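Engineer: Let me begin by handing over the structure; questions about it come next.
The values are calculated or read from the model by the stated rules, or taken from the named source; none is laboratory data. On a predicted model such as this, the values are computed, not experimentally measured, just so you know. Because the Cβ atoms are built from the backbone with ideal geometry, glycine has one as well, and the counts that use them run over all protein chains shown. Note: areas computed on protein heavy atoms with side chains; ligands, DNA, RNA excluded. Shrake-Rupley method; radii C 1.70, N 1.55, O 1.52, S 1.80 Å.
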Amino acid sequence: MSHEHGVQTRLTRNGVHMAFVALFAALGGSVRGFNLLVILAGLIIGILLMQWRFSRVLLPGLSARRMLPREAFAKTPFKVRFAVANGRWWLPAWLIRIEDKILAIDSALPPAQAGCSLSMIRPSSSEATQYDCTFSRRGHYQFGPLRLTTGFPFGLTRAAKNAAAVAPLTVFPRLATLRPQWIGVIENRRDGLSASRHSSGPSEGDFYGIRRWQTGDSRRWIHWRTTARIGNLAVRQFEHLNRTELSLLVDPYSLDDADSNAVEWAISVAAAMVQHLAVQNHPHLVLGIADAAKTVVASNRVPSFRTAALHALAGVRCLEQPPLDTTLAAMFASINPHQPIVVVSPRPARMDLLRSGQGPGGARFSPLLFDKLDILWLDVTSPSSERIAYRREEMHGQA
Amino acid sequence: MDKLERNLQFHFAALTAVGGLLLASGDVGWLLPGIALLGAFGSFLLVDRWRLFSLPGWLAYLGMGLVAVYCVMQFLVFRTENQLMAVAQLLVLVQVVLLFQRKTVRVFEQIGVFSLLELIVAAIFNSALVFGVLLIPFSLIGLRALVLLQAWSTATFALKSESSFVRTSGVQASEQLAIRSSKLPRYGIAVLTPAVMVIAFFFFYGLPRASGGLEGPGLGGNITTGFSETMTLDQVGSLLINQELVMRMRLSDRRTGQPYRVRQPIYLRGQVLENYTVRRGVGRWESVWQSFGDPGSMLPPAFNPSPLVSRILYDDVEVDVELQPLTSNALFAIAPYHQTQRNDQVEHLIGRWLLRRPPSLSPVAPNRFYYRYGTYAFSGGVQTPSVRLAGPKEQTSLWQVDFGFLADGQSYRTESRFVQTMLGFSRERLPEIAKLADSIAEKLGEEQHDAYRFARAVEQYLAVEGGFQYTTELTEQRDRSVDPLDEFVSSYRRGHCQYFASAMVMALRSRGIPARLVVGYRTDEYNGLGEHYIVRQSHAHAWVEVLLNPQAVPSAATLVAQPSTGPILVRFDPTPGSSNTQQTQAGRGSHLYDFAQSLWNNYVLDMNGQRQTEGLFGEGGETGIRASYQRMIREIQDFFRELNANQLGGGELSGRELFSWRAALLGVVAMIVLFGVYQLGLLRWFRFPKWIKPAREYQSESSQIVFFQHMCDLLRLHLRIQRAPGQTPQEFAEGAVVRANARNLNIASPIEELTRYFYRVRYSKDCQLSTSENDLVEQSLVRLNAQLNHASAATSKRV
């Protein structure tokens, strides 16, 4: 972060008015001999001079630091904080405006202005301030440059100084709210579920309790003794019972802007899934995004799968013909072919789009190989997707 | 935020009101200022406070347009001196329209600019001290309003903004700023006012100006001081006593430089009136203007008396006069006078001992006029009643022709033109006057031929023995067929100074003694603060001047420090009570105001190029600045001498001897020195502190968790506690708490909370805090910041 110490000063509108009045009074008074006008001119000029010097003197001793959050999500407010320090040991700083600029790197939209203010910073101390910021869209943004300005005390001039360079921020997609049992819904929707589930150790976890049987529970978990005693199905509860391993393939299909909400929703659902799955210990997760770059993020290849995946989702660009097949093929290097692959898409299932990809070794997917893959197509726009995630209307209602 | 806004609205309303009062202090009447006052407070209540209504923008612009059209038409129709009235009208009415709008930053700025323009107009209209007094609250309110406007503008800056991709809000910061803004105006004003005053001072006294003063008619108020160079005698009813100021007159002893105090009232000559006529029963005195010698000459030079004449027989007095704007060209002087300073704008009339402004100038004197002369007329505080007719070097050969001197130069010839003007008398028209004179002469017996004794007898008769009464109530029923002077001496036997003087002149003329009226002022009102004499309209007076040959003037009236030859003009004052030395004295408050007004006039209103030059470079080769310093030192010494003697301001500012000024001053100075030593500390002088610490880069290894990094920044800035490489947050927090406790800082709680939340975010499953947890983090940061700032402030005060 670099600091520039140059201070620019300019007359404000009010200052221009007063300067004209002072000029008129000085000329009229000295030419026509109206001494009162000369006095008034002297007072106004004195005020202008002191205003100019004072506003210039305030700023050089100030330094500012912008603190952006580590993560930001679209449509979720967060605070942009500033710490402004006054290095002078004798002069406070008053009425400091902090002007920030926000630029959308991904688009050609004009930059937005943001800012906040401070009333007073005592000598040799610092003050903090902030403004709330809410991005409507995911993407890559740039904050800055930062400007400190002040017009103290009378607002006749305004001094400005650049205080901090630019800082980037990636805004992650808005997280959809997933239903509590969404994983079970996914797992139970396919045949052969149990075959794709991976047991990583001698047990499925530590048994710690009994509960009633729920839809989606495996028959293996049934505790027969308790069931016989109570007359209802009871299952064992395990810690780390489920260590689900999924692969996600995001289909950023969009014909035009009318479909952008749907694809954004799909991205939000995918992001929520990533978020949910990533908090589990050592899950093996793979995310593929069928964009132009055919992005693949695998948990065993990045230090933080969650962050990398969210970063990737933040930069997704919609396409009319997303390369689903080639992206799936690229994922093959990282996925476990036995783990389910969930295609998160804003359109109805188009399995045919996946078949034309090439399998390992460059060979095309054979129908037999393709049939062995556990692919689930999740159309986020269909009513049945409500079993996975709360639709926005319900979310608003619950909120 | 509401409180700040309300405060701001009130200040601008008050500014408008004071602007209206400033206009009222001039000559614009009370309608416009009344509109301004009513508009200011009405708008504050109806629009700002109660929010009952406000003018929509389009209606306001329409209103302003109509006002502009109306005022421009008035401007084009009015004469020059009233055009400024149209401008004032425009300013006030447009401002009222603005006040009834919903206030935004722009509206406030416009109201401020219009108030400033009203101040300019008031400065042109009005030059009284009241303007200067009102300028103080106007300036204070105006500056406070500007500071509050700046605070409000900053608080509302980026309050909420929205673009196509982002929405930001600085509401929280704005609220905090609004809460803290109430003390801002005092900082701005207290810090900058002394510097602004100094700049204004140097600007005002350093700005180049024209050498002289204005000669044209000014745009200021009308001339309120009048002096008539004719006199009418009639029963006009009750005369009003007018206390309007005519002039201030500073007498100083040239030998000592000290103010000169008189023991009897001073007679100031304004005009001499020789010709008396009656028309329709009304008497009228006029001056007979004749050109004797030069039509208007320089003041006569100072007379150099014989070395044998002891200097204690006369006083060398210099007279400085500040004459208020007057309706005539007359100037007022103490005769005999002489020149001490060349002034081309003052003429001396030979044979009349009158001063005036040259006729080539404007017939009226619209501006204050300053002039100076010297006089030897005083001796021991008493003004001589006798003046040699011809001043030094005025007895040319022409005098024999024009003034009718005999060849010896001592006596006058009665048949000369000049003397004849002073002998005009009609026995047929003034039989009672003649009878009166004859009766007085008869009583004198042989002494009746002594002109001086006869004149003294007439004076005595009218002032004391004759049973005449002084009054300003001229309400008698008159017989228009009778001369008013005759009625005065025979019927009413009461009147004012003009009647008494006129009667005496006529009585003397009836006996062949040349006499004339002198009108002017007579005063002994002294302002101790300003060390000058005050002359008011109520001091106007008329007396008698008798032309006598030197042998007729008794030894008691021997002239000192005047030419030794030529006829003598002797002053007589037959008005009853004129021998009283005490006139009506104004109160202490009036003198204080007069002194302030005098300073205002001298150092502000009437500053011109000539005074600037005199102040900087002096006159006559003397270094002005050096003389100024010497004068300043002398005045300070005089000040303390008078202070100790309880004679400050001539006794007007004397207080009771309850404490010693010297001790008090010494105590205050000692306290200031001690306080300064305590604050600064001796060691500080050897430390060569830097005035500005360079703004440092924040280059420490930063945490990705924002609030924790903020906590680290605060601890480093205030306590110089920095996280070591490899040190865990918990270790860092514990170390910081220990070091803070060593400095008696109780910041363990917020540090521990923030550290706990750090671990929560850093190592938890979801890596996110709930809304309530975020609020707790905020509160911890605020608490920590407040305590550290407080500790820093306390530390800097101790240092």
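Engineer: Counting alpha carbon pairs within less than 8 Å and at least 6 residues apart, what relative contact order, in whole percent, applies to segment B:449-547? All intermediate terms of the calculation are to be shown ahead of the outcome.
Structural biologist: On the way: 107 pairs, mean separation 23.6, N = 99.
Relative contact order of segment B:449-547: 24 percent.
Engineer: Separate question: For a quick check: with amide H placed at 1.01 Å from N, whose amide H comes under 5 Å from B:Q383's, ignoring anything fewer than 5 positions away on the same chain?
Structural biologist: Residues meeting the amide H criterion: B:Q264.
Engineer: A further question on this structure: Going by amide H atoms built from the backbone, whose H comes under 5 Å of the H on B:L354, apart from near neighbours?
Structural biologist: Long-range HN contacts for B:L354: B:L349.
Engineer: Stick to Cα atoms and the Kirkwood definition of Rh, then tell me Rg/Rh for segment B:453-563.
Structural biologist: 1.04
Engineer: Once the principal axes of the Cα atoms of segment B:81-131 are found, what is the range along each, listed largest first in whole angstroms?
Structural biologist: So the three principal-axis extents are 35, 22, 13 Å.
Engineer: Threshold 40 Å², probe 1.4 Å: give the residues of segment A:71-96, in number order, that are less accessible with all protein chains present than with their chain alone.
Structural biologist: At a threshold of 40 Å² (probe 1.4 Å), the residues of segment A:71-96 that become less exposed are A:R81, A:G87, A:R88, A:W89, A:W94, A:L95.
Engineer: Determine the relative contact order of segment A:14-124: mean sequence separation of Cα pairs under 8 Å and six or more apart, normalised by residue count, in whole percent.
Structural biologist: Values: 134 pairs, mean separation 20.4, N = 111.
Taking the mean separation of contacting Cα pairs over the length of segment A:14-124, I get 18 percent.
Engineer: Over both sides of the B-A contact, add up the buried accessible area with a 1.4 Å probe and give it to the nearest 100 Å².
Structural biologist: Details: alone 43320 and 21290 Å², together 56650 Å².
Protein heavy atoms only, the B-A interface buries about 8000 Å².
Engineer: Largest first and to the nearest Å, give the Cα extent of segment A:1-114 along each principal axis.
Structural biologist: That works out to 68, 39, 23 Å along the principal axes.
Engineer: So what is the relative contact order of segment B:403-515, in percent, for Cα pairs below 8 Å that sit 6 or more residues apart?
Structural biologist: The normalised contact order for segment B:403-515 reaches 33 percent.
Engineer: Sticking with this structure for a sec: If a/c stays under 1.5 just call it rounded; otherwise compare a/b with b/c (prolate if a/b is bigger, oblate if not). Do that for segment B:471-519, with a ≥ b ≥ c from the square roots of the Cα gyration tensor eigenvalues.
Structural biologist: On the way: a/c = 2.66, a/b = 1.56, b/c = 1.71.
Cα axes put segment B:471-519 in the oblate bin.
Engineer: With label points built 7 Å along Cα→Cβ from the Cα atoms of A:K101 and A:Q214, find their separation and express it in nm.
Structural biologist: Inter-label distance under the simple model: 5.2 nm.
Engineer: Could I ask something else about it? What is the set of long-range amide H partners of A:R88 at a cut-off below 5 Å, with H atoms built 1.01 Å from backbone N?
Structural biologist: The answer is A:S124, B:K693.
Engineer: Take every Cα-Cα distance within segment A:1-63, group them into 10 Å bins from 0 onward, and report for each bin the whole-number percent of pairs it holds.
Structural biologist: 21, 37, 23, 12, 5, 1
Engineer: Tabulate in residue order the Karplus-calculated ³J(HN,Hα) for segment B:144-154, using 6.51 cos²θ - 1.76 cosθ + 1.60 with θ = phi - 60°, rounded to whole Hz; enter x for Gly and Pro.
Structural biologist: Ordered by residue, 3J(HN,Hα) equals 4, 4, 5, 5, 5, 5, 5, 5, 5, 4, 5 Hz.
Engineer: Would you compute the Debye intensity of segment A:301-344 from its alpha-carbon atoms alone, equal scatterers and no solvent, and pass along log10 I(q)/I(0) at q = 0.14, 0.22 Å⁻¹ to two decimals?
Structural biologist: Cα-only, vacuum Debye calculation for segment A:301-344: -0.43, -1.05.
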